[in-house]
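A short write-up of the structure that comes next.
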Amino acid sequence: MFDNFFEYAHFSGIVIFIAVCFGLLFLCLLIYRCLETVKKKKTSFNMTGWELIYSDKAEEDKEDGVDHGIVLYSAKYDIQGKPDYIFKKKHSGQIMPVEIKSGKIGDEALPHYGDYLQLCAYFLIVEDVCGRRPKYGKIIYKDHMFIIRNGLRTKRDITKILGRMRMMLKTGYEKPCESFVNCRYCLCNGTVCEFCKDYSKN
């Protein structure tokens, strides 16, 4: 009887140990994926293996087989926009929006928040228009670029902002979130905004 009891206890201990290991592995993977939402790299325009399917370029720069300058509208989310580029993976058909920015990002660990939200909005638009969810997108500055993973976090961030914007349009009220980070690169900084503290852009 005792032998059976010890065998059962030993077996149960192994099962519990395996379950704990799988739980820790899942937790580590979840944390890793959350941390890897944004990757910063040196700027590169190498798109080997991708083909251009959309471009917001001037009319004289038009290329055959590429949609140019069309305003993309998502009926599902009721938003519209014109990404700089949309690329399609030649073999898998994966879709990726790319935004080109004229400035530099320097030592900043993250892209400007407005640029990030802009790409997040394009994730929603491209998914609705193209019928395929982009896994990633790029924000390319002169010195560095950011590869943004399109996951639950990006969707949560943009839907939250869209909700606030629509509520502001409905009520005419929005609580300001003035800060150095939010206001530094804003066009309204030091001009029409009554809330900002004229944060230096230098």
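The values are calculated or read from the model by the stated rules, or taken from the named source; none is laboratory data. Owing to the predicted nature of the structure, the values given are computational and were not obtained by experimental measurement. Quick reminder, even Gly has a Cβ in these numbers, built from the backbone with ideal geometry, and neighbours come from all protein chains shown. Accessible surface is based on the protein model in full, side chains and every heavy atom, while ligands, DNA and RNA are left aside. Shrake-Rupley method; radii C 1.70, N 1.55, O 1.52, S 1.80 Å.
The table for this structure:
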| quantity | calculated |
| --- | --- |
| Qualifying residue in the range 138-156 (condition: part of a loop (DSSP other than H, G, I, E, B), over 11 Å from the mean Cα position of the chain (by Cα) and surrounded by fewer than 15 Cβ atoms within 10 Å (Cβ to Cβ)) | yes |
| Residue among 99, 108 that alone is modelled with pLDDT under 90 and under 19 Å from residue 145 (Cα atoms) | 108 |
| Positions within the range 116-137 being open to solvent by 30 Å² or more (accessible area, probe 1.4 Å) and either among the hydrophobic types (A, V, I, L, M, F, W, C) or outside any loop (DSSP other than H, G, I, E, B) (or both), in sequence order | 118, 127, 128, 129, 130, 136 |
| Selection from the range 84-100 of residues that are surrounded by fewer than 17 Cβ atoms within 10 Å (Cβ to Cβ) and either part of a loop (DSSP other than H, G, I, E, B) or β-branched (Val, Ile, Thr) (or both) | 90, 91, 92, 93, 94, 100 |
| Extreme residue, farthest from residue 103 (Cα to Cα), among residues of the range 171-194 that are in a helix (DSSP H, G or I) and open to solvent by 90 Å² or more (accessible area, probe 1.4 Å) | 180 |
| Pair list, Cβ under 7 Å, 6 or more apart: the range 141-169 residue under 14 Å from residue 111 (Cβ atoms) and at pLDDT 90 or above, other residue part of a strand (DSSP E or B) and among the β-branched types (Val, Ile, Thr) | 145/139; 146/38; 146/139; 148/38; 148/139; 154/148 |
| Residue 110 vs. criteria within 16 Å of the chain's Cα centre (by Cα) and in a helix (DSSP H, G or I) | no |
